[in-house]
Number of protein chains: 2
Amino acid sequence: MVATDAETKARAGVLHTPHGIVETPVFMPVGTQGTVKTLSQRELRELDARIILGNTYHLYLRPGMALMTEAGGLHEFMNWDRAILTDSGGFQVHSLAALNKITEDGVVFQSHIDGSKHLFTPEKVIEIEHLLGADIAMVFDECTPYPCSREDAKAAGERTLRWARQCLDAYDKYGRKSLAGHAQALFGIVQGSTYPDLRVRFAEETVALNFSGYAVGGTCVGEPKEKTWEAVSTVASHLPADRPRYMMGSGTPEDLIRGVMRGIDMFDCVMPTRNARNGTVFTQRGKVSIRAARHAREFEPIDAGCACYACRNYTRAYIRHLHHTREILGLRLATIHNVHFYLQLMRQMRQAIIAGDFAHWQTTFTNFYKGTTDE
Amino acid sequence: MVATDAETKARAGVLHTPHGIVETPVFMPVGTQGTVKTLSQRELRELDARIILGNTYHLYLRPGMALMTEAGGLHEFMNWDRAILTDSGGFQVHSLAALNKITEDGVVFQSHIDGSKHLFTPEKVIEIEHLLGADIAMVFDECTPYPCSREDAKAAGERTLRWARQCLDAYDKYGRKSLAGHAQALFGIVQGSTYPDLRVRFAEETVALNFSGYAVGGTCVGEPKEKTWEAVSTVASHLPADRPRYMMGSGTPEDLIRGVMRGIDMFDCVMPTRNARNGTVFTQRGKVSIRAARHAREFEPIDAGCACYACRNYTRAYIRHLHHTREILGLRLATIHNVHFYLQLMRQMRQAIIAGDFAHWQTTFTNFYKGTTDE
């Protein structure tokens, strides 16, 4: 840890990976299919993204592991020489695949693309992540839905723990390295749904397995926000201070701040990229729907003072026109802006934590930022 | 003129515009709606596009001229400080608009977007181009379809000539300047369909009106290729040597070479950008469908030796994956490559003409380039 906030649990740290240093707290843009949607790798570098997320489920199905192995792993395949985290596919086999069936061995699922049948086991997922060559791999987990009975949450958490041990064994078998030969970190995932005692128990038992980092799983699946934060706080307070903590699949700018205040170091979410493609952009004053008629004659940037390529070069009027005419440049500019907004938000938080100024920064930001306002 | 080829009618020249120098022969990427599809203006600069084309018909409908005027013209609106040529909408009111009706005054048409009714007259079109602020404006013409009776071709050509005079008057009324205050060139358009004597007559009568440049209109509308080249050769031989010649809406790489050999200086076509989005890329050996299975494991650039961003950084295997997964970066990389290919082709021709080596260059290129081959 570089610094911790005096008033909250916010932390500033550094992750060392074979593909460079990642300063935390960090937001990881989502590159599901080997590309962060609409962006080039050069643009990602210019946005100073230090780590992106790849989806095991999607990449396993397309382009498939034979090709990925031949390519030399995901870094080589997509020409990205900074860090990558791969998820385990645990979330996607439930949310995307058809006819998935969970057994003690793993999950049988049908591809959402061609209906083909596949089996993900802990060993299989670690093999895939070994071939993909992520700097940070995630264990294969069973992500509980919401609502979830206590019995189901207990069973899923226990299975996740058993799978975690199997993942560790497989990870050791590969020498904790990718096929390309660089060191890989493996993170555990804590389940437990909305049951604090289960969250505590699974946190402690996962920590006992001694992973390089820990993720809070099973949140942001439709539960009320207070349940989310209860789970995050509970889990975070039972994780070791010297390991990174990752809140999977979250969230809004406000969520990132709330997560950081609870001691979370890493985030990922499709929100900045997906919203951008729907014409919703983030500004210091809140979200703005760039398609709205009121922006038609605004010859000013999306966000005054923003240093991104879109704001330095194009007006709201032009970007709105591009969205109205369904031009790809409109999707690109909104994405560049939103990813910049998210990454800049994390950098600001980190600076504030280091400067011992986090509470003040947070108040100032929140006073300006109205999540529901459309200026 | 900088140089002319000894064996063919190929010419190398320079256009001076208020937004920079344009070396000819030149290909103009098509930016129909104020954006060259998928590309940013920075990428266009990096590709060293010196002039792009904007479509009067589309921009008039969206974002409309009130907004365009407020923005200060198309250059300002889209943040492009190099040259722009705007067409006159004459082609689009026939090909895109519903229920168009030609009278001596102009063309009444219905928007392809919302069905609203509009009237384009020569004066109206020049006003629009004055507001758009193109460096080169085109006269409003009646583009004949193929086939076209001699009677219709004669009537359309005569009407185009009358409209050309009206365009010149309107152009003079605006002081031959854009609303933003910079000088505009106005090009005449020669019609005449597939009738050589009409082509000669309309070429001479258009030249008598003394435009800054001349376009061959009414080609590439479905006629056999030999008719196209007959019309181009006929018209070109009746145009003054000291004015640029523009072949509208053409074409394939082979077409560009054939056009240059017949004394054409300027080209535009959606082919490099549209083909790119369909997964067809141009290489020194011919067209390649990047979606084809045979490219799945080709860990090499689209075109070995190509200096574009796509070829310097990404493999065919990766770009194919992006096209298969419908990722926007795939469309972008193919577009960058194809526009580079077209612009580079023009630069090579120019160099060969200046070096007195055009015939040799053309033979070498054609020996390698197989339009129909898919390697």
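Derivation of every value follows stated rules applied to the coordinates shown; laboratory data play no part. Since we're looking at a predicted model, the values are computed, not measured. Ideal geometry is used to build each Cβ from the backbone, glycine not excepted, and the neighbour counts take in all protein chains shown.
Defining a contact as two alpha carbons under 8 Å apart and six or more residues distant in sequence, what relative contact order in percent does region A:13-133 show?
About 22 percent, as a whole number.
Looking only at chain B, where both bridge partners belong to it, what percent of the DSSP beta bridges are antiparallel (to the nearest 5)?
Among the beta bridges of chain B, antiparallel pairing accounts for roughly 45 percent.
So how strong a dipole does region A:48-202 carry about its Cα centre when Lys and Arg Cβ are +1 and Asp and Glu Cβ are -1, to the nearest 20 debye?
240 debye
How many angstrom separate the Cα center of region B:1-42 from the Cα center of region A:182-219?
Using only Cα atoms to place each centre, the spacing works out to 60 Å.
Shortest first and in nm to one decimal, what separations exist between B:Glu158 and its copies in the other chains, measuring from label points 7 Å along the Cα-to-beta-carbon line?
Distances to the matching label points in the other copies: 9.5 nm.
Provide B:His321, B:His130, B:His182 in ascending order of the number of other Cβ atoms located within 10 Å of each residue's Cβ, fewest first.
Lowest count first: B:His182, B:His130, B:His321.
Could you work out the longest stretch of chain B that avoids the chymotrypsin sites (Phe, Trp or Tyr not before Pro) located in DSSP loops with at most 16 other Cβ atoms within 10 Å?
Maximal segment without exposed cleavage sites: B:1-173.
Loop-only GluC sites (Glu not before Pro) in region A:1-62, please: DSSP not H, G, I, E or B, and at most 16 other Cβ atoms within 10 Å.
Filter output for region A:1-62: A:Glu7.
Taking amide H positions as placed 1.01 Å from N in the peptide plane, with prolines and chain starts having none, which residues 5 or more places from B:Phe187, or on another chain, fall under 5 Å of its amide H?
Close amide H contacts, sequence-distant or interchain: B:Ala137, B:Met138, B:Val139.
In square nanometres, what is the average projected area of the Cα convex hull of region A:231-375?
For region A:231-375, the mean projected area of the Cα convex hull comes to 9.0 nm².
Find the centroid of the Cα atoms in region A:66-118 and in region B:116-170, then give the distance between the two in whole Å.
Cα centroid of region A:66-118 versus Cα centroid of region B:116-170: 57 Å apart.
Shape verdict for region B:102-186, please, from the Cα gyration tensor: rounded (a/c under 1.5), prolate (a/b greater than b/c) or oblate.
oblate
Once you sort the root eigenvalues of the Cα gyration tensor of region A:3-275 as a ≥ b ≥ c, which label holds: rounded (a/c under 1.5), prolate (a/b larger than b/c) or oblate (the other case)?
Rounded, because the longest to shortest axis ratio a/c is under 1.5.
Springs between alpha-carbon pairs under 10 angstrom, Gaussian network model over chain B: which of B:Asp48, B:Asp303, B:Asp268 fluctuates most?
Among B:Asp48, B:Asp303, B:Asp268, the largest mean-square fluctuation in the Gaussian network model of chain B belongs to B:Asp48.
Arrange the following residues from fewest to most other Cβ atoms within 10 Å of their Cβ: A:Ile102, A:Ile189, A:Ile353.
In increasing order of surrounding Cβ atoms, one gets A:Ile102, A:Ile353, A:Ile189.
About the Cα centre of the protein assembly as shown, how large is the charge dipole given +1 on each Lys and Arg Cβ and -1 on each Asp and Glu Cβ? Please answer in debye to the nearest 20.
240 debye
Looking for one value pair here: nearest-to-axis residue in chain B (by Cβ) for the rotation onto A, and the distance in whole angstrom.
B:Ile328, 3
What size of dipole, in debye to the nearest 20, comes out for chain B about its Cα centre when the only charges are +1 on Lys and Arg C-beta atoms and -1 on Asp and Glu C-beta atoms?
Value, rounded to 20: 940 debye.
Counting DSSP beta bridges in the protein assembly as shown, what percent are antiparallel, to the nearest 5?
Around 45 percent of the beta bridges assigned by DSSP in the protein assembly as shown are antiparallel ones.
Tell me what chain B gives for mean residue ellipticity at 222 nm when only DSSP H runs of n ≥ 4 count, each as -39,500 (n - 2.57), the sum divided by the residue total, rounded to 500 deg cm²/dmol.
Calculated mean residue ellipticity at 222 nm is -12500 deg cm²/dmol.
Put a point 7 Å out from Cα along the line to Cβ at B:Gln351; what are the distances to that point in the other copies, in nm, shortest first?
Shortest to longest, the spacings are 4.6 nm.
Select from A:Gly330, A:Gly54, A:Gly259 the residue whose mean-square fluctuation is largest in a Gaussian network model of chain A (Cα-Cα springs shorter than 10 Å).
Maximum among the listed residues: A:Gly330.
Can you list the distances in nanometres, one decimal and ascending, from the B:Leu99 label point to the identical position in each other copy, with the point 7 Å along Cα to Cβ?
The projected label point of B:Leu99 is separated from its counterparts by 5.1 nm.
Under the rule a/c < 1.5 gives rounded, and otherwise a/b versus b/c splits prolate from oblate, where does region A:285-331 land using the Cα gyration tensor?
Taking the square roots of the gyration eigenvalues as a ≥ b ≥ c, region A:285-331 is oblate.
Can you list the residues, at least 5 places off or on another chain, whose amide H is less than 5 Å from the amide H of B:Leu15, using H built in the peptide plane?
The answer is B:Val22, B:Glu23, B:Thr24.
In region B:1-130, if the dipole is taken from +1 on Lys/Arg beta carbons and -1 on Asp/Glu beta carbons about the Cα centre, which of B:Ala6, B:His94, B:Val107 is farthest to the positive end?
B:His94
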